[in-house]
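Chemist: One structure, pasted below without further comment.
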Amino acid sequence: MKVIAIGSGHQVKRINDWNVSFATVVGVNNTWRATDKWDHLMYAGDYPKKLLAELKAQKKSHQAIHSREGETGFKKSYVGMAKMPWEQARIYLGLPIYFGVTYWILHHLKPTHIGYLGFDMNYTPSADGSTAAYGIGHDMKTRGIPDPLWQFKNVPEYIAMENPYQTLIERLKIHKGSTELVNLSDDPDTMLPWHQITLDEFQKL
């Protein structure tokens with residue numbers, strides 16, 4: 001089973017021109033504002049109620065949304081993958097939503113491959129000032145800094161690490177098992193360490 005995980009980075013819009021019928025598509029938070037090509041979408045506990053209402057009104061019958069709680073929530077996937085209580089697991093495996101969606105996919109869908117799009121963590125503003133596919137990111141509006149960078153600079157456990165992002169990536173390499181991770185973005189400044197391949201190459205894996 002192949003999964004395409006989509007974030008809110010600028011490159012996610014490319015999926016609108018792709019035939020992704022061979023894969024299950026999993027989005028997070030505001031990706032639905034950039035594309036309707038998703039099967040599952042998980043949203044954070046602090047997701048704005050107004051946007052959540054819009055999401056629920058627009059979603060199609062085959063699409064499922066998941067919060068932190070419940071049998072299909074990402075709280076369960078963190079706890080299940082880390083074998084730790086929730087408050088410890090979320091820090092250990094990674095607070096950034098990239099890690100949240102990855103562990104959700106690994107735990108609930110158990111794919112053979114995950115291809116990422118829109119998760120480059122490249123926050124360089126486009127010509128119109130937007131930092132995400134849908135405009136200026138909520139984190140940039142409220143804090144002036146992307147969530148992952150804020151978390152790495154403010155969460156005590158991450159402050160104590162020499163390189164928190166690399167530490168979390170190394171933990172992911174262990175917990176992913178035999179699942180192959182690749183990057184479907186062609187952003188040369190991506191922060192993801194996975195091999196960059198085309199959609200056609202991904203389909204043939």
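The values are calculated or read from the model by the stated rules, or taken from the named source; none is laboratory data. Computed from a prediction, not measured in an experiment: that's the story for all the values here. Glycine also receives a Cβ, built like all others from the backbone with ideal geometry; neighbour counts cover every protein chain displayed.
Chemist: Given the conditions (1) within 17 Å of the chain's Cα centre (by Cα); (2) in a helix (DSSP H, G or I), and given that TYR158 satisfies all but one, which numbered condition is not satisfied?
Modeler: (1)
Chemist: Here is a follow-up. Within the range 171-184, can you find the residues that are surrounded by fewer than 13 Cβ atoms within 10 Å (Cβ to Cβ) and either assigned to a helix (DSSP H, G or I) or at pLDDT below 95 (or both)?
Modeler: Residues of the range 171-184 that are surrounded by fewer than 13 Cβ atoms within 10 Å (Cβ to Cβ), as a first pass: 173-174, 177-178.
Those that are surrounded by fewer than 13 Cβ atoms within 10 Å (Cβ to Cβ) and either assigned to a helix (DSSP H, G or I) or at pLDDT below 95 (or both): LYS173, ILE174.
Chemist: Take MET84 and decide whether it is hydrophobic (A, V, I, L, M, F, W, C) and either in contact with a strand residue (DSSP E or B) (Cβ under 6 Å, 6 or more places away or on another chain) or in contact (Cβ under 8 Å) with a residue 12 or more places away in the chain (or both).
Modeler: So MET84 does not fit the description; no.
Chemist: It is to be established whether one or more residues within the range 33-47 are over 24 Å from ASP147 (Cα atoms), modelled with pLDDT of 95 or more, hydrophobic (A, V, I, L, M, F, W, C) and touching a His at 6+ places or on another chain (Cβ under 7 Å).
Modeler: No, there is no match, as no residue in the range 33-47 is over 24 Å from ASP147 (Cα atoms), modelled with pLDDT of 95 or more, hydrophobic (A, V, I, L, M, F, W, C) and touching a His at 6+ places or on another chain (Cβ under 7 Å).
Okay, residues lined up against (1) part of a helix (DSSP H, G or I); (2) buried (at least 20 other Cβ atoms within 10 Å of the Cβ); (3) of a type in the set (Ser, Thr, Tyr); (4) more than 14 Å from the chain's Cα centre (by Cα):
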| position | (1), (2), (3), (4) |
| --- | --- |
| VAL12 | yes, yes, no, no |
| ILE15 | yes, yes, no, yes |
| TRP38 | no, yes, no, no |
| LEU41 | no, yes, no, no |
| ALA44 | no, no, no, no |
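Chemist: Only one residue in GLU54, GLU71, GLU87 is in a loop (DSSP other than H, G, I, E, B) and either within 24 Å of TRP150 (Cβ to Cβ) or of a type in the set (Asp, Glu) (or both). Which one?
Modeler: GLU71
Chemist: Among the numbered criteria (1) surrounded by fewer than 18 Cβ atoms within 10 Å (Cβ to Cβ); (2) farther than 17 Å from ASN30 by Cβ; (3) in contact (Cβ under 8 Å) with a residue 40 or more places away in the chain; (4) not acidic (Asp, Glu), which one does GLN196 miss?
Modeler: (3)
Chemist: Given the residues GLN166, GLN151, which is the only one that is in a helix (DSSP H, G or I) and in contact with a Leu (Cβ under 7 Å, 6 or more places away or on another chain)?
Modeler: The conditions single out GLN151.
Chemist: Among SER77, SER126, SER61, which is the only one that is part of a loop (DSSP other than H, G, I, E, B), without any contact (Cβ under 8 Å) to a residue 40 or more places away in the chain and not aliphatic (A, V, I, L, M)?
Modeler: Unique residue meeting the criteria: SER61.
Chemist: Tell me the residue from LEU149, LEU205, LEU109, LEU168 that is crowded, with 19+ Cβ neighbours inside 10 Å and of a type outside the set (Ser, Thr, Tyr), please. Explain how you work it out, then say what you get.
Modeler: Details: LEU149 fails: crowded, with 19+ Cβ neighbours inside 10 Å; LEU205 fails: crowded, with 19+ Cβ neighbours inside 10 Å; LEU109 fails: crowded, with 19+ Cβ neighbours inside 10 Å.
Selected residue: LEU168, the only one of LEU149, LEU205, LEU109, LEU168 that is crowded, with 19+ Cβ neighbours inside 10 Å and of a type outside the set (Ser, Thr, Tyr).
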